[in-house]
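Every number in this text was worked out from the coordinates using simple rules, so none of it is lab data. Just so you know, these numbers come straight off a predicted model, no measurement behind them. Here the Cβ is made from the backbone with ideal geometry for all residues, glycine too, and neighbour counts use every protein chain on show.
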Ligand code: HAM
């Protein structure tokens, strides 16, 4: 028996209503903020991600689905969208067509992580990117949009954490200070953190190991070494969030797993989903466009994990959708009339009625059972004595009432079903 690959998941028809409910809220919210949808290919040249996200990151060094295709090109299934969106903007000169590009997406992503609750190898993100202005209002918007979406989904157990990583020069200066602080504690660090000491020292803050946490609780913090400009930018972001009544906390230890960030970074955490608790993450990346070979275009964005959000919704029991219904089930009473019944259903379907027929010449009892299983609002009996007299019988399944309708007056059936 061939099964789905570890870490991937079928989204079954019974799951789909919740996905659509979420996507609908995403689409409407993005529209209200005037973001336009973008869809990029599922795979890209590997260099886009290794250069964009950073060679030393876990994503690039351990998690990408990379392979050489038949034309000897190294390609990678997208582990995230930001680099792809920036590539598309540069490639199509969207930045020359308008000063600000506000784009959003809903898309599968691929990372070969160790699967666990809320962590998959193919997962789905919705997110947004705004490129063109270095405005703190856009940073705040990237926190407000997902927060609004999560609130509309009914989620409560949320915390918004924000930080600023400043500009590269202040960060490089700080890294020397952190290195100095850790130098004589190096041997007490975990093996992973000792590796990070050289390649990605800031990520030591992210370690879950007790020995690291013990050391890092006294470490100097980047926020105390920020340059003037970055501090000012951060103050405005905080001010806007406060005025927008977004409850947030500054977490000076928040380091993100991607290297492209400058200035503001943030995560929205849920207390309802266990260890994989980040529902959303993002930040500003003013140097990314240049890093992947374009002009200098400041940008900021966020991405949120749909599986994790739906898990939080399930755990907080926030989404209750009405049972799915169909409008009409055509019950065939006379097996010789099968093609006519099929044709009648076709006519109703053209008029936006959700109609179903029997495909297996089943007994009337079995067809009624099926109509009930499908929550049919109405059943139309096709055949029998009434049909010989030129009439259909239409049964309202909610109250059991039946009406007889001339077979030539199907528009009357339509009017009853549509309630007009
Ligand atoms: P990220 O923090 O890597 O950021 O991912 C964003 C969100 O995707 C996470 O908070 C989480 O909800 C979800 N996610 C990540 N990995 C997995 C996984 N293996 N399984 C399930 N869900 C997962 C980015 O991807 C950046 N591109 C965000 C961004 C946009 N920054 C600027 N613009």
Checklist entry - Over the alpha carbons of the stretch 1-55, what is the largest minus smallest coordinate on each principal axis, giving the biggest first in Å? => result 46, 37, 17
Checklist outcome for this item: For the stretch 338-420, the Cα convex hull volume per residue in Å³ comes to 99 Å³
Checklist outcome for this item: A student applying the Cα gyration tensor rule (rounded when a/c is under 1.5; otherwise prolate if a/b is larger than b/c, oblate if not) would label the stretch 355-401 oblate
Checklist entry - Hey, in the GNM for the chain with a 10 angstrom Cα cutoff, which one of 409, 141, 72 fluctuates hardest? => result 409
Next on the checklist: Averaged across orientations, what area in nm² does the convex hull of the alpha carbons in the stretch 110-196 project?
Outcome noted: 9.4 nm²
Next on the checklist: Need one number: the % of Cα-Cα pairs in the stretch 13-129 sitting beyond the 17 Å mark.
Outcome noted: 62 percent
Checklist entry - Per residue and in Å³, how big is the convex hull formed by the alpha-carbon atoms of the stretch 195-250? => result 113 Å³
Checklist entry - Where the eigenvalues come from the Cα gyration tensor of the stretch 229-277, what are the semi-axes √(5λ) of the equivalent ellipsoid, largest first, in whole Å? => result 22, 17, 7
Checklist outcome for this item: Expressed to two decimals, the stretch 34-93 has a Cα Rg over Rh, using the Kirkwood radius, of 1.00
Next on the checklist: Sort 124, 92 by Cβ crowding within 10 Å, fewest neighbours at the top.
Outcome noted: 92, 124
Item to check | Residue among 46, 14, 410 with the largest mean-square fluctuation in a Gaussian network model of the chain, springs linking Cα atoms under 10 Å | outcome: 410
Checklist entry - When a footprinting reagent is the concern and you count Cβ atoms within 10 Å, what order do 164, 320 take, fewest first? => result 320, 164
Next on the checklist: Nearest 5 percent is fine: what portion of the DSSP beta bridges confined to the chain is antiparallel?
Outcome noted: 80 percent
Item to check | Volume in Å³ per residue [convex hull over Cα atoms, computed for the stretch 274-328] | outcome: 164 Å³
Item to check | Relative contact order of the stretch 101-223, pairs being alpha-carbon contacts under 8 Å that are 6 or more residues apart, as % | outcome: 17 percent
Checklist outcome for this item: Restricting to Cα pairs under 8 Å and 6 or more apart, the percent relative contact order of the stretch 40-162 works out to 20 percent
Checklist entry - What's log10 of I(q)/I(0) for the chain at q = 0.10, 0.11 Å⁻¹, Debye sum over Cα points only, no solvent? => result -0.78, -0.88
Checklist outcome for this item: Expressed as a percent, the portion of alpha-carbon pairs in the stretch 271-393 spaced more than 23 Å apart is 59 percent
Checklist outcome for this item: When 139, 206, 323 are arranged by how many other beta-carbons sit within 10 Å of their Cβ, fewest first, they go 323, 206, 139
Checklist outcome for this item: The rounded separation in angstrom of the Cα centers of the stretch 73-149 and the stretch 212-290 is 17 Å
Next on the checklist: Please compute the contact order of the chain in relative form: average sequence separation of alpha-carbon pairs under 8 Å and at least six residues apart, divided by the residue count, as a percent.
Outcome noted: 15 percent
Item to check | 20 °C / 1.002 mPa s Stokes-Einstein diffusion coefficient of the stretch 160-227, Kirkwood radius on C-alpha pairs, µm²/s | outcome: 174 µm²/s
Item to check | Expected-Rg normalisation [2.2 N^0.38 Å, Cα atoms] applied to the stretch 167-278 | outcome: 1.16
